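**Q** Quick one: structure below, then a few questions.
We did not get these values from a lab; they are worked out from the coordinates using the rules stated. The model shown is predicted, which means the values in this text are computed figures rather than measured ones. Neighbour counts are summed over all protein chains in view; Cβ atoms, including those assigned to glycine, are modelled from backbone coordinates with ideal geometry.
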Ligand code: MV4
């Protein structure tokens, strides 16, 4: 086993990984950005290294910076968590090629293969795993799309070869739309994944999203740990995940699990991974009725990382997946057979996002956790990193914690969930706890008949605001910036050796505080490798980026008239799609960014007059 593992991540998942290390008596190393100096994962680790500015591209995504920190710390393995570098085959390969440091994950070659969607489809086909009817080679011409439509009918999904997770997919509803959408898909593929190659699938209108957890060692042992149902999503973002799926018979469950196992076997895959499937839903299915063995299911993609919702499977199987990731990476063999894997009861994970569901899930802009009192008791697991008194860090994604509830059956689990969510006391920031309580009284969710489309189609009709009113925080702080921090440099001497230290003092009077330099104004930009910051010159109110991320869509053009509430752009940050909305009506006088561009927090995006 390793001596010391560097966790190349932050927040709850970094703490989760460190806990597995501690259970194995392995030392832990944290890395952090300037925005995370006081974050929970830094407190939790044995030692911690600053790897750069808040902007993820300059810190958590900096390949060399992370590897250098591992070398400095004398770590002999790097665990990437999820997000950031977790599915970056190039980074994995760099770690593989670093003497003395092991990559905790699949072989970089497997990661590369999984990232190439037509390659993955071919492997699954070879393993007799059903794939969505479609092409296993890229298409380049509109004629090919038309031919596919004539043979299989419409709608058709055009997907980017390098895509995944809802990005780079276009739905063609008839032949007249094919030319334009083919071109858009190719352009977006090029902008987001450096790859304009696309392929075709029949588009399933209303599927369930079922994923199978795989664990495999480097000795050819592959186990599946059952499925998770992630059908409750909002704009491709999962909000609640559960297992086992409330919609499958044991027969169908077994078929999908075995298919995933065959696929992993065929690909010579090792470490943890998730095989995603679409399952064709029966629109007339009543609550309590289940999808049987004759139901169509199709392989979609492989995620080559530990996932946010791995906890659901851990609760059901009692298997510590992260611990096994470390053991398998160290060359150990799985010590349980497929028959040993038993699913007990029912588990549900609730993502605790610092967002206001009653305001289009707007992420919190700051604030302090004035109260943080998480639930406990039987069947309740909390994975988090924040503690009471912490300031919210808003530079990355908005998920601050996960509540995982386990019960003997789904009914007990949901009742226990209601109890735990009501017990959860957070003051100072909005979270989606009230939204979860609403879902626990929602007929579709409780009946288990919701599909991936449910939330996006019906959210507007749900009583989100009422639940927010009843269960939301009594107080919500502002930006939390009224207390400033001043850093002073000191030279100290310990046992005759000189050290330079930076002392931070918080709560100092305003006039003594140093204000951060305005960003985006040009001149002082120190961003490395990410291109230059946008700037604007037109008259009007400047709309700025609330967080670091990538521009997914620009929905307006210069000269457009917009109304208050109109979506100007879509900004993606840590896989979250965030609408940038006009706060007032006016004319768009300038657009400072284009699709595919990465921006810093505070960068100007659009000017409205
Ligand atoms: C599909 C599909 C229907 N038919 N492919 C979206 C995320 C990406 N991983 C693939 N996605 C989909 N692919 C075909 N051929 C529907 C979706 C989809 C979806 C999939 C999983 C979970 C939520 C979803 C929400 C909307 C669409």
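**Q** Which order do peptides 199-211, 279-291 fall in by mean Cβ count within 10 Å, highest first?
**A** With the highest mean Cβ count within 10 Å placed first, the list reads 199-211, 279-291.
**Q** In segment 395-414, which residues have a backbone nitrogen under 15 Å from the label point lying 7 Å from residue 382's Cα in the Cα-to-Cβ direction?
**A** The answer is 400-405.
**Q** Apply 1/(1 + (r/R0)^6) to the Cβ-Cβ distance of residue 146 and residue 206, taking R0 = 41 Å, and write down the FRET efficiency to the nearest 0.05.
**A** Given R0 = 41 Å and the Cβ-Cβ separation, E is 0.95.
**Q** Sticking with this structure for a sec: How long is the gain from residue 122 to residue 176 if the chain were fully straight, where each residue apart is worth 0.36 nm and the alpha carbon distance is subtracted?
**A** Gain on stretching residue 122 to residue 176: 16.5 nm.
**Q** Does segment 272-384 come out rounded, prolate or oblate, given a ≥ b ≥ c as the square roots of the eigenvalues of its C-alpha gyration tensor, rounded meaning a/c under 1.5 and, failing that, prolate meaning a/b above b/c?
**A** oblate
**Q** Where the centre of each part is set by its Cα atoms, how far does segment 266-304 sit from segment 101-140, in angstrom?
**A** Taking the Cα centre of each part, segment 266-304 and segment 101-140 sit 16 Å apart.
**Q** Could you give the distance between the Cα centres of segment 547-601 and segment 182-199, to the whole Å?
**A** One Cα centre to the other: 21 Å.
**Q** Nearest 5 is fine: what % of DSSP beta bridges in the chain come out antiparallel, could you say?
**A** Looking only at bridges with both residues in the chain, the antiparallel portion is about 85 percent.
**Q** Per 0.36 nm of contour for each residue apart, how much would the distance between residue 63 and residue 498 grow if the chain were fully extended, relative to their Cα-Cα spacing?
**A** Between residue 63 and residue 498, full extension yields 153.5 nm more.
**Q** Based on alpha-carbon centroids, what's the gap between segment 426-453 and segment 155-179 in Å, whole number please?
**A** 30
**Q** Just want the ordering: 38, 44, from fewest to most Cβ atoms lying within 10 Å of their own Cβ. Walk me through the numbers before you get to the answer.
**A** Working: 38 15, 44 19.
So the residues, fewest neighbours to most, are 38, 44.
**Q** While we're on this one: Is the chain best put as rounded, prolate or oblate by its Cα gyration tensor, with a ≥ b ≥ c the root eigenvalues, rounded for a/c under 1.5, and otherwise prolate when a/b is larger than b/c, oblate when not?
**A** rounded
**Q** On to the next question. Would you please classify the overall shape of segment 345-477 from the alpha carbon gyration tensor, given that a ≥ b ≥ c denote the square roots of the eigenvalues, rounded means a/c under 1.5, and beyond that prolate means a/b larger than b/c while oblate covers the rest?
**A** Note, shape of segment 345-477 comes out oblate.
**Q** If packing is taken as the average number of other Cβ atoms within 10 Å across a peptide's residues, how do 490-502, 424-436, 534-546 rank, most packed first?
**A** Peptide ranking by packing, descending: 424-436, 534-546, 490-502.
**Q** Let me ask something additional. How far apart, in nanometres, would the label points at residue 476 and residue 194 be if each is projected 7 angstrom from Cα along the Cα-to-Cβ direction?
**A** 4.0
**Q** If I take every Cα pair under 8 Å that is 6 or more residues apart in the chain, average their sequence separation and divide by the length, what percent do I get for the relative contact order?
**A** Value for the chain: 11 percent.
**Q** Still on this structure: Determine, from the Cβ-Cβ distance of residue 98 and residue 268 and an R0 of 22 Å, the FRET efficiency 1/(1 + (r/R0)^6), rounded to the nearest 0.05.
**A** 0.45
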